[in-house]
Amino acid sequence: MIIRPATKDDLPAILRIESVTFDAPWTKAHFLYELEKNPFSFLFVAVEEGHLVGYVDWWKTFEVGQLNNLAVAGPLRGKGIGHILLKDTLQRMKEAGCETAMLEVRVSNKAAIALYQSEGFQTSHRKPHYYENGEDAWAMIKTL
Ligand SMILES: CC(C)(COP(=O)(O)OP(=O)(O)OC[C@H]1O[C@@H](n2cnc3c(N)ncnc32)[C@H](O)[C@@H]1OP(=O)(O)O)[C@@H](O)C(=O)NCCC(=O)NCCS
């Protein structure tokens, strides 16, 4: 598996995963903004034998790396891809000069919370009604 910066050509495959994964999926316009307009954004894809199997989006805001989006293709979950993508992202954040990694995650998203905890993230505080359906988020943080 390789992890490389996303290009416009990756968007159809990213959107196929995004649309079936999240209740409020990012749109093509949103990903295009991250790719072409947002100078603080990093969008990377994981590719296995030519197939896009996952992706991650993060921002560098001064010394903070903010993880915005991370997903693995449904049938390929539970095989270590998310863990590899997360580890790679944390390394890239560090190399970019970030001192802290931060993220928000649905309190019900046990798989993602376990993944983040396995890489040393700790819950910092709960954000009530953070998501569009009213669900709370955990804010999680890790020193890089
Ligand atoms: C969260 C997600 C990215 C994890 O990717 P993945 O490739 O399935 O995860 P991995 O196989 O690398 O697992 C890494 C760790 O995550 C945790 N984990 C993964 N799936 C889990 C599950 N179903 N239940 C509990 N923990 C789980 C475990 O700690 C696991 O480590 P272990 O295998 O040593 O127990 C993936 O499930 C996904 O795309 N989910 C939908 C999108 C999403 O929720 N993104 C996060 C938004 S904040």
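Quick note: the coordinates plus some simple rules give every number you see, no bench work behind them. This one's a predicted model, so the numbers in the text were calculated from it and none came from an experiment. We place every Cβ from the backbone using ideal geometry, glycine too, and count neighbours over all the protein chains shown.
Miscellaneous remarks
- Free of any GluC sites (Glu not before Pro) that DSSP assigns to a loop and that have at most 10 other C-beta atoms within 10 Å, the longest stretch within the chain is 50-131.
- Equivalent ellipsoid of the chain: semi-axes from √(5λ) of the C-alpha gyration tensor, largest first, are 21, 18, 16 Å.
- Restriction of the chymotrypsin sites (Phe, Trp or Tyr not before Pro) in segment 1-109 to DSSP coil positions whose beta-carbon has at most 13 other beta-carbons within 10 angstrom yields Phe22, Phe40, Phe62.
- Summed over qualifying helices (DSSP H, 4 residues or more, each -39500 (n - 2.57)) and divided by its residue number, the chain shows a 222 nm mean residue ellipticity of -8000 deg cm²/dmol.
- Size of electric dipole in the chain: Cβ of Lys, Arg +1 and of Asp, Glu -1, about Cα centre, debye, nearest 20: 200 debye
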